[in-house]
Amino acid sequence: MATYRLPKVLNEVIRSHRDQFLRPVQPKNGVGAFVFPCRKLVFNYCERSGSSKSMMEYLQKEATRFASENPQIEVIVQPRPSKHPIVRAFYTNGEQKTKCVRRCSAGEIPEVVKSLRDHSGHRLHRWNRYVISDTPSVRGIYSPFHDKAVYSISDLKTK
């Protein structure tokens, strides 16, 4: 059986544009599966500074429980000498978000971690329109104050 070989020119084109032909598949949420937006959390703290005291207390008591409850998130604990404690989250869309927890108590750190875990990873931006639609309405958004007729309660009781 004969094997088919690509022409030399075509092989060179494929080699020069390999990154265009072999792109990694981005995980997407769809019908079949849910991909969690937060993929990794990194806890950085200083072993000697007083600002990291509550972070070390959180890591000793609650971090293992958080890691076991969220197996889809990679949890990394790293010392960061002579720096304030931070929690850094990495998301599947390539973004990262960092929160400094130097003034947080050990009870407030789980709230910060939960907010980073639940964040979508997209940058926050302000919506200028109230309704997002492919076919915007000609009339605009309905409001009961647009009605010109004014009714009193006594009119409604007689009807």
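The values are calculated or read from the model by the stated rules, or taken from the named source; none is laboratory data. Everything quoted here is computed from the prediction, not taken from an experiment. Please note: Cβ atoms are built from the backbone with ideal geometry, for glycine as well, and neighbour counts cover all protein chains shown. We work out accessible area using only protein heavy atoms, side chains counted, and drop any ligands, DNA or RNA first. Shrake-Rupley method; radii C 1.70, N 1.55, O 1.52, S 1.80 Å.
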Compactness check, the range 70-125: C-alpha Rg relative to the 2.2 N^0.38 Å globular estimate gives 1.19
Order of exposure, largest accessible area first, which applies to PHE43, PHE36, PHE145 with probe 1.4 Å: PHE145, PHE36, PHE43
Suppose each label sits 7 Å from its Cα in the direction of the beta carbon; what would the ASN93-PHE34 distance come out to in nanometres? 1.8 nm
Neighbour net charge for MET56 - beta-carbon separation under 13 angstrom, K R +1, D E -1: +2
How would you order 113-124, 83-94, 56-67 from highest to lowest mean count of nearby Cβ atoms within 10 Å? 83-94, 56-67, 113-124
Which FRET efficiency, nearest 0.05, do GLU108 and ILE76 yield, Cβ-Cβ r, R0 22 Å? 0.55
For ARG123, what charge total do you get from the other residues with a beta carbon under 15 Å from its beta carbon, if Lys and Arg give +1 and Asp and Glu give -1? +1
